[in-house]
Structure formats: C-alpha cells, structure tokens
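**Q** One structure coming up, written as structure tokens, with questions to follow.
Every number here is computed from the coordinates shown, using simple stated rules; none is lab data. The shown structure was predicted, so the numbers you read here are calculated from the model rather than taken from an experiment. Positions of Cβ are backbone-derived with ideal geometry, glycine not excepted, and every protein chain shown enters the neighbour counts.
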Amino acid sequence: MDWATRLRGPFLLVIAKGAAVQVWVWLGFALYCVASGSRWIVDQAVSPPLTGLVRVGAHHVLLFGVWVGWCLARRPGGIKLLRKTWWQVALLAATVFVVPNAIIEGAGGTVDGLSEALVFTLAPVGVVFAVAQQSFEFGMQSDPRRLLGPALAGVFGAALLIPFTMPPSVAGKLWLAALVASAVAAGLAAVRLHGLLQGVPVAAAAALTSGVIAALGLGFSHHHGAAFVALGADHRALLLETLQTLWLDAPLLLLSLWMTRDLPPLAVVTRYPLVLLVTIVESYFLMHGTGSLVILAGGLLVAVSVVWLLRAGRCDEG
C-alpha cells in the first residue's frame, strides 16, 4: 500500500467531520434566528422590574460568572488565547451588542420603534458596500459589490413589511442617524470579530463579551436602585429573570459568537433581516392578521434577499 492510499482514509475523514461541523453551525444559525425572532413573545408574557440595558446588564453579570467558571473548570487555556486581543474583542463586542441598544435607549422614544427595527436591515448593505474593495475580508474571489442588489432588496422588502416614520424633531433625526451608523458599525464589527475569534473557544469569547455587556449595561443603572430592590424582594420575578438568563440569553449569546466565528461574515449579518422576518410572520400568525399583497411582496423580497446572501456566503466559504 503506497503512502497516498494510506493518507486518503484519514484525509477523507477530516473532510467529512468538517462538513458535519458546518452543517451544525448552519443549524445553529437557523435556531438563533427563530429563537431571537420569537423573543418578543417571552417579553410580552412577563413584566420585569428591570428594562432596557439595565436588565441586559444584570443578566450578563450572572452569565459572566457562569462562563468564567466554565472556562476555569473545563477550558483554562481558552482565556489565554484572548490575552493579546482581548481589548479588540471587547471593543467590537460592545459595538455589536451594546452600542445600538444604548442609542435606542438614549433616543427615549424620539425614534419610532418600528423604524428602529427597520434600520438594522441596513447592516448587510453597509458590510457589502464598505468592504467592496477588500474581498479578502470575505474570503471571496469575486467582487462583493454584486451583492448590493440583493442586500438593498432586503431593505426595500422590510420597508414594505413595516412602516418607516421620520422623526419630527431635530433630536429624533440625530438619534436616527446615530442608530443607522451603529447598525452599519455592528455589521463591520462582525467582520473583524470573525478573524479575531478564529481558534478561540466560544465559552472564552462569551465570558469576555458578557463582562463587557454587564459593565456597560450596569453603567446605566445608577438611577435604578429601587428597581433592583424590587427585583430582589419579588422571588417569582427573580426566578423568571434567572430562568430567562440561563435558558434564553445564554444560548443566544453562544450561538451568536459561534456563528460569528465559524460562518462567513456576510452570512452572519443576514440575521438582522431574517430575525425581523420571523418576528413579523409570527406576529401576523398569532394575532390572526390578514396579509395584504404588499405584506406578502415585502416578505418575499426579504426571504429572497436572505437566501441569495446566504448562498453567496456559503459559496465563498467553500
């Protein structure tokens, strides 16, 4: 038996394992989009004492302890892999997970909630446009500007699904501009995170990310002391918050970081329009809404845009 024959079996096994891993990552992507798009149902079912970034920060205090404990017990070497790049990962994690929510909270209702959701469908457009001349960032051999059409089609479809309302005040317009910039920045940050997280265990990345979210989220809590006291006194509410943290927030964060590390960046940013589509479809179904032709056309445009971008991401990945 020659050396080529001996190596062929292990080589094919490695390829098969790699393909299986990719299948699981894509299934994780689908699970993330469905779970994230369905989160509004959970939020409507409970009335927590804490809201907004303060609530998110409180959740991630618990998750930070969970991830650090897991890493120290099972993967102590994972944290060391972030020794040189931790500050970059922390900054990018804040850009993706904290800054957009902070702007929404800072706007204080001056920007319509539906318009805020629509803004994040610009993330794929921003990513494609900003790195059109840097195909290496995507691992693409062809010009990514060819994907501007499908990305813009997704934005147009989303605009048919939900109405856009221009804020009447100058302050509202400024907050809206800041939100648009944060949505594009979040997409670009995902591109950079994709490179920095290569070889890093997801739990280690989750520990750093939860620490950043907890620190920045609780930075908004200096005037929410009474809400924390109320949460501590209400054992039922405290239990519900803990369960939601462990059974919803934790998996969503792990899936998000796993996708960011193992999927092409273009595929990762398509989650924004896809999550929005899941939410709208569920809301129409649960509220027995009747879809008009405009709604159906908008949903079809978003779906075609997402499928096109995902296929492009998979082709470039391969």
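**Q** Within 10 Å of each candidate Cβ there may be at most 13 other Cβ atoms; applying that plus a DSSP loop requirement, which trypsin sites (Lys or Arg not before Pro) in segment 45-125 survive?
**A** ARG83, LYS84
**Q** I've got another one for you. Under the 0.36 nm per residue contour assumption, what length would be gained going from the current alpha-carbon distance of SER283 and VAL170 to full extension?
**A** Between SER283 and VAL170, full extension yields 37.5 nm more.
**Q** Sorted from largest down, give the three principal axis spans of the alpha carbons of segment 138-217, whole angstrom values.
**A** 45, 40, 20
**Q** Which of rounded, prolate, oblate describes segment 27-106, given a ≥ b ≥ c as roots of the alpha-carbon gyration tensor eigenvalues and a/c under 1.5 marking rounded, otherwise prolate only if a/b is larger than b/c?
**A** Here segment 27-106 falls in the prolate category.
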